[in-house]
Amino acid sequence: MPLGLFALTVSAFAIGTTEFVIVGLIPEMAVDLDVSIPTAGLLVSLYAFAIAIGAPIVTALTGGLPRRALAIGLMGLFTLGNLIAAVAPGYAVLMAGRVVTGISHGVFFSIGATIATSLVDRSRAGQAVALMFAGLTVAMVVGVPFGAFVGHQFGWRAPFLAVAGLGLISVAGLFLWLPGTIPHNPPAGLHSQLALLARPQLLAMYLVTVFGFGGSFVVFTYLSPLLTDVTGVSTGGVSLALMLFGVATVIGNLLGGKLGDRIGTRKALKVVITGLALSQAALLLTASYPLAMFANLIAWGIFAFAISPIVQSGVVAVATAEAPDAIDAASGFNIAAFSLGVSGASFAGGLIVAGVGLMATPWAAVVSTLISLAIAQWGLRPHHGYMSV
């Protein structure tokens, strides 16, 4: 594989780490910044909101720019955002750094797959995209738990400095190894992108992503205080829990893709969403027992991350049949739905923690997941004029 592809993978690893490493550090950040835990949780919510809202707009506005220069510029902006977070004197500046990082994150992944496939011949395009996105997977398994460990040992600013260092390495790699000219088709304009939302099955799958996948972040955003205050584990135990959850996400991603291919999008979603609701409800019983809680985290991670490949393949299938000129835009909307779900769920989780308490968050996650199950059941039924998934 070309060295430019490995530079993209390192970039994806850095991006994936910075998005979720904060989950394991929220209690420490809240104390140091003199804010409440729900307010610290907004650092997750608004990051995801910046991806969901900023990425489609900025991607459309930068559609005519050379891909190499844009990719390098985005990782430079990503690095700057993490440096701002690392040295922020207070909460407001830290939030600004997170928003800058979130926008660069969203646009980078909007163009990254196209760049990756341009670096190899057509027969290896799928492998190229998979290798790039493997950076995200490794971030969940290694980057996030290790970053949380570093944050616990050296302070919450240390992981942001480390990720900024990775960002600089990524910028250098992209500068050295990406070709000067990367062919691309300008993305669809905002009006054309928004027209995709009028297609019932695409809209239904985006809503499944928002409520099904996103709903987990009502709890996941506040997993660290849940584990320390309710389960009674140490900060080292939080890092271990994040690592187990990361391994589960890899398993879920692989199993979800296979299940979707075997029985179809709608049936596969009903299976994994049902399993997700059950694993979230089980948190109410297992949260007080460390071993049971860790086992529950594995089941939860598998079912939650099985949703993404099923929906993504379904979106591509529907877009290929109904809007073949807007497949990239349709996939991009699913990424935006992912971030919108994370943003809304973590914001709702903050309100719940502030109002009712940590142990009410699993109830909210179950409700959100059941909404997504209803959407999969009724919204993905074959309608007249629309294909079945």
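The values are calculated or read from the model by the stated rules, or taken from the named source; none is laboratory data. These numbers come from a predicted model, not from an experiment. Backbone-built Cβ (ideal geometry, glycine too); neighbour counts: all protein chains shown. The area values use the complete protein model at the heavy-atom level, side chains included, leaving out ligands, DNA and RNA. Shrake-Rupley method; radii C 1.70, N 1.55, O 1.52, S 1.80 Å.
The modelled label-to-label distance for the pair Ala92/Phe175, using points 7 Å beyond Cα in the direction of Cβ, is 3.4 nm.
Note: relative contact order over the chain, using C-alpha pairs below 8 Å and six or more positions apart, is 26 percent. Expressed as a whole percent, the accessible surface of the range 1-143 that belongs to carbon and sulfur atoms is 74, based on a 1.4 Å probe. Charged side chains reduced to their Cβ positions (Lys and Arg at +1, Asp and Glu at -1) give the chain a dipole of some 720 debye around its Cα centre.
Projecting the Cα atoms of Thr320, Leu297, Ala282 onto the charge dipole of the range 256-349, computed from C-beta unit charges around the Cα centre, puts Ala282 farthest toward the positive end. Heavy atoms of the protein chains alone define the surface here; on that basis the range 117-275 has 44 Å² accessible area per residue at 1.4 Å probe size. Given a cut-off of under 8 Å on Cα pairs at least six residues apart, what relative contact order in percent is computed for the range 231-366? In percent, rounded to a whole number, it is 31. Over the range 196-293, Cα pairs under 8 Å with separation of 6+ residues give a relative contact order of 31 percent.
From helices alone, the chain scores -24500 deg cm²/dmol at 222 nm; the rule is -39500 (n - 2.57) for each run of n ≥ 4 DSSP H residues, then divide by the residue total. For the pair Ala360 and Thr274, the difference between a 0.36 nm per residue extended length and the Cα-Cα distance amounts to 29.0 nm.
Spin-label pair Ala130-Asp229: with each label point 7 Å from Cα along the Cα-Cβ axis, the two points sit 4.3 nm from one another. Across the range 76-108, the residues whose backbone nitrogen lies under 19 Å from the label position 7 Å along the beta-carbon direction of Asp34 are 87-96. Pull out a ≥ b ≥ c, the square roots of the eigenvalues of the alpha-carbon gyration tensor of the chain, then state rounded if a/c is under 1.5, prolate if not and a/b is larger than b/c, and oblate in the remaining case. In terms of gyration-tensor shape, oblate. Taking the range 299-327 and a reference point 7 angstrom along Cα→Cβ of Ala195, the backbone N atoms nearer than 14 Å belong to 322-327. The GNM of the chain, with springs linking C-alpha atoms under 10 angstrom apart, assigns the highest mean-square fluctuation among Val316, Val366, Val144 to Val316.
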